[in-house]
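The values are calculated or read from the model by the stated rules, or taken from the named source; none is laboratory data. Please read these numbers as outputs of a predicted model, since none were measured by experiment. Reconstructed Cβ throughout: ideal geometry from the backbone, glycine too, with neighbour counts over all protein chains shown.
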Amino acid sequence: MRHLLFLVLRICALPLLLTFQTMVLAAEALDWAALLAQGAALREQGHLYKSIDLLSTLSQTAGSPQLQATALGELGASQLQAHRYAQAESSLRQAFTAAPEFERARPAFYLGNLAIIRKRNEEARYYYQEALRLNGDNADFRLGITLNLARIAAAPEKLSQLSALSAELARLPANSQIARFHLNLGEQARRLGSDGVALAFSHINEAHLLAQQLGEFRLQLEALDALGQLYEDRERSADAIALTRLALDLAHKLEPDGVADLLINLEWRLGRLLRATGHERQALAAYQRAVSQIERVRQDMPIEDQEGRSTFQLTLEPVLLGYADLQLQLLDAQTPELQALHLRQTLNAIELIRQSEMQDFLGDRCAVEDIEDGSSRLIAAGTAILYPVIFEDRVELLLATANGIVRTTTPISGSKLRSEAAWLADSLRNGYSDYEMPARKLYDWLLRPIADLLAARQVKLLVVVPDGVLRLVPLAALYDGKEFAIEKYAVSMVTGLSMTNTATSAGREASSLVVGMAEPGPVVDKLNQTTISQILGASSRRSASSRSLAQHPAMSSARLRSPTSPPLSIEGTKRSTSEMLHEALLLPGVKQEVEALSRILGGTSMLDSRFTLDHFRKEATAGEYRIIHIASHGVFGGNAESSYIMAFDDVLTLDGLQSLLKTEELRRTPIELLTLSACETADGDARSPLGISGAAIKARARSVLGTLWPVDDTAARKVMESFYRGLRTAYWSKAEALRQAQLELVHSKDLRQPFFWAPFVLIGNWL
């Protein structure tokens, strides 16, 4: 893996003495170029949000188009590093277009990097070629771009390109940058497998020797790490272990904060190698040291992509999951006391995975509070927390109740469970009648092994911390052959117990704000071309496939988010496109829903033209609303950037939701319940339900009620009315109120099919 260089900087809660805007506007004596350099320096030091704030202000206050273009280029670089890809693209494109030709090389280079992240290789090549044309005389700049071009070259060409670069590197005088180029080339060659072994060894070893000569200890450590990985790849375990231990000895002589990422990676590799060679106890100790490092510096690790994978996916998840796997494998040989301790440690590792994944999804380490020991939280009698953990060779069921933690193993492969779960999720979201078979299998694998224990402990509420594809499956819809799980238990979901405020509810008479969009307004003109194509494409496909949906006529009025599809060619005038969008986005049931809930909840309501972002912002921040209900179209995609809710006049992104509701009042008394009566998670993306819970975190809400697939208007109205009536009049918990609302549909004549009632999921506080 590429090493992630980071500094340990506690920046989440550090207030600035002066805002950057004040610095720029009030202190004219400050040199603009110095401030620009400060913005770039903040980025290099890891202060990404401070860098963005400063550079954004500089771009807005620049005294000339040229200065503005320069500031936008630096701003785009910081936004890119912070994973604000849409913003980065906008800033960099403006910089590339507006800057004088001699200053376009730098934004072109970053646009090339952005294109690689988005897997748009041809676009990357274009911008890299432009950067070379504009600044190709700079040898280091040219060599760096050429290495990036080799990274995206076709496999048959990559080796020859790297070999050519190898010859060029050999002619250049030694310095730190050249040593790093050797390491970069060697890492690329290593990924070629056996064809690149000789080239990889030559250049990684050269990087190590140069680093020794130059006294570059971190670079020396990186090279040793890369050599260890090369030997592990070649299954030379003894050599890999020796090199890894050598690297660890060097790392422990250096400042630990400067090599924390390498310490994690080295201990992880040592654990893998020791386990593979039969030294499980030593392996577990290495994993424990890696996890300790993660816990120490996790909040300060950057969230960045490498070839489409994030820090979480590359490092945090596999290390923590490997640790949990080994802990459980060795559990049976422990005393009962040690078993209890190691189960708590395993649950904490799983909690750490879930919390890190949410931070990764939101692109913000500071969005989620520091982890607490979720396993030590008091769990009420009648409640059970279920952690299904999917490994490749088995599924572990970890059940936490008031009586402690119990472990049960289901001997089914991870791939088999994922396959059946994906089948069930697809059948449910499309209203197919073949859902019973996978629903029974998942019941047998996930619930039947613990059914007797749940009965013995009189569990009525099952809180699930789902893993991977299980997020797409409402456990309420699992079927034992006679009953759905919802007929036995109230079911709630949490992304992690450590992220859930489990305090008693603030009361059932909380004030409410109910908003909805039944008929879209100017928002249709704010949608990007890809979204427009998807919406109109989905609309046409629904018409074309109406026969397959005839068994459920109401599905034709579902609150549909268009599935991901190739952009369609949209012909006609802007007006005709707007008209088509207007028709495709109509939600007639929303008007009835808003009116009905207003009668049940009282409070304030806003429908259609009253539901503008500005009006919503003013009302939500001025009032003391503890229940906010939004009925509209929504998209919860694979990251926070692609997740939004439609208002009448514009889209409300998750970041926008956070800014809108970021008040001192909400800090003191958070929203009790945020209901997103909208659709839906992205089709088939197991991370997408994080968008629903991410919305709650962004809004500082204790609970969120959302949907897993396009909901039927009639069913949505019935569920929501019954749910809120249960909260207001029956004084049920949120989980029980949702259960009773769903049971009304389960026991109805026309809406028993899980398509209608199962998409509604409660995430977060269930009380």
It is to be established whether one or more residues within the stretch 271-279 are out of contact with any Phe, Trp or Tyr (no Cβ under 7 Å at 6 or more places or on another chain), under 30 Å from Arg171 (Cα atoms) and crowded, with 19+ Cβ neighbours inside 10 Å.
no
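Tell me the residue from Ala451, Ala455, Ala421 that is under 20 Å from Phe484 (Cβ atoms), assigned to a helix (DSSP H, G or I), assigned by TED's automatic domain parsing to the domain that holds Leu472 and touching a residue at least 12 places away in the same chain (Cβ under 8 Å), please.
Numbers: Ala451 fails: touching a residue at least 12 places away in the same chain (Cβ under 8 Å); Ala455 fails: touching a residue at least 12 places away in the same chain (Cβ under 8 Å).
Being under 20 Å from Phe484 (Cβ atoms), assigned to a helix (DSSP H, G or I), assigned by TED's automatic domain parsing to the domain that holds Leu472 and touching a residue at least 12 places away in the same chain (Cβ under 8 Å) holds for just one of Ala451, Ala455, Ala421, which is Ala421.
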Does Ala174 satisfy the condition of being surrounded by fewer than 19 Cβ atoms within 10 Å (Cβ to Cβ), in contact with a helix residue (DSSP H, G or I) (Cβ under 6 Å, 6 or more places away or on another chain) and farther than 29 Å from Ala211 by Cβ?
no
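Results for (1) touching a Phe, Trp or Tyr at 6+ places or on another chain (Cβ under 7 Å); (2) within 24 Å of Arg429 (Cα to Cα), shown as yes or no for each residue.
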| position | (1), (2) |
| --- | --- |
| Leu708 | no, yes |
| Thr714 | no, yes |
| Arg717 | no, yes |
| Ala730 | no, no |
| Leu738 | yes, yes |
Could you look through the stretch 55-89, keep only residues that are assigned to a helix (DSSP H, G or I) and free of Cβ contacts under 8 Å to residues at least 12 places away in the same chain, and pick out the one that is farthest from Gly363 (Cα to Cα)?
Gln60
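Being of a type in the set (D, E, K, R) and crowded, with 21+ Cβ neighbours inside 10 Å is the filter here, so list the residues in the stretch 430-477 that pass it.
Looking only at the stretch 430-477, we keep the residues that are of a type in the set (D, E, K, R), and these are 434, 436, 440-441, 444, 448, 452, 457, 460, 467, 471.
Within the stretch 430-477, Asp467, Arg471 qualify.
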Leading residue by the ranking (modelled with the highest pLDDT) among those in the stretch 291-317 that are among the basic types (Lys, Arg) and within 13 Å of Asp257 (Cα to Cα)
Arg296
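Pick out the one residue from Val459, Val473 that is out of contact with any strand residue (DSSP E or B) (no Cβ under 9 Å at 6 or more places or on another chain) and within 23 Å of Leu743 (Cβ to Cβ). Lay out the reasoning, then the answer.
Details: Val459 fails: out of contact with any strand residue (DSSP E or B) (no Cβ under 9 Å at 6 or more places or on another chain).
Answer to the check: Val473.
Evaluate the following for Thr315: is it of a type in the set (S, T, N, Q) and either in contact with a helix residue (DSSP H, G or I) (Cβ under 9 Å, 6 or more places away or on another chain) or in the same structural domain as Gly468 (by TED's automatic domain parsing) (or both)?
Working: of a type in the set (S, T, N, Q): yes; either in contact with a helix residue (DSSP H, G or I) (Cβ under 9 Å, 6 or more places away or on another chain) or in the same structural domain as Gly468 (by TED's automatic domain parsing) (or both): yes.
For Thr315, the condition - of a type in the set (S, T, N, Q) and either in contact with a helix residue (DSSP H, G or I) (Cβ under 9 Å, 6 or more places away or on another chain) or in the same structural domain as Gly468 (by TED's automatic domain parsing) (or both) - is met.
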Residue check: is Ile353 of a type in the set (Val, Ile, Thr) and over 22 Å from the mean Cα position of the chain (by Cα)?
no
Odd one out for Lys253 among (1) assigned to a loop (DSSP other than H, G, I, E, B); (2) of a type in the set (Lys, Arg); (3) surrounded by 15 or more Cβ atoms within 10 Å (Cβ to Cβ):
(3)
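Quick grid of which residues meet (1) over 19 Å from Leu446 (Cβ atoms); (2) assigned to a helix (DSSP H, G or I); (3) modelled with pLDDT under 95; (4) over 17 Å from the mean Cα position of the chain (by Cα):
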residue	(1), (2), (3), (4)
Met358	yes, yes, yes, no
Ser375	yes, yes, yes, yes
Ala384	no, no, no, yes
Tyr387	no, no, no, yes
Asp393	no, no, no, yes
Glu396	no, no, no, yes
Leu399	no, no, no, yes
Thr408	no, no, no, yes
Ile412	no, no, no, yes
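Can you find, within the stretch 727-767, the residue that is nearest to the chain's Cα centre (by Cα) among those that are under 30 Å from Asp434 (Cβ atoms) and among the small types (Gly, Ala, Ser)? Let's see the steps before the verdict.
In the first step, residues of the stretch 727-767 are kept if they are under 30 Å from Asp434 (Cβ atoms); the result is 735, 738-763.
Pick out the ones that are also among the small types (Gly, Ala, Ser) and you get 735, 741, 748, 758.
Working: Ala735: 25, Ala741: 30, Ser748: 37, Ala758: 24 Å.
Among those that are under 30 Å from Asp434 (Cβ atoms) and among the small types (Gly, Ala, Ser), it is Ala758.
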Which ones in the stretch 326-362 are surrounded by fewer than 21 Cβ atoms within 10 Å (Cβ to Cβ), in contact with a strand residue (DSSP E or B) (Cβ under 9 Å, 6 or more places away or on another chain) and not hydrophobic (A, V, I, L, M, F, W, C)?
Gln339, Arg344
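Of all residues being under 21 Å from Leu745 (Cα atoms) and touching a Gly at 6+ places or on another chain (Cβ under 9 Å) in the stretch 458-484, which is modelled with the lowest pLDDT? Just the residue, please.
Going through the qualifying residues, I end up with Leu472.
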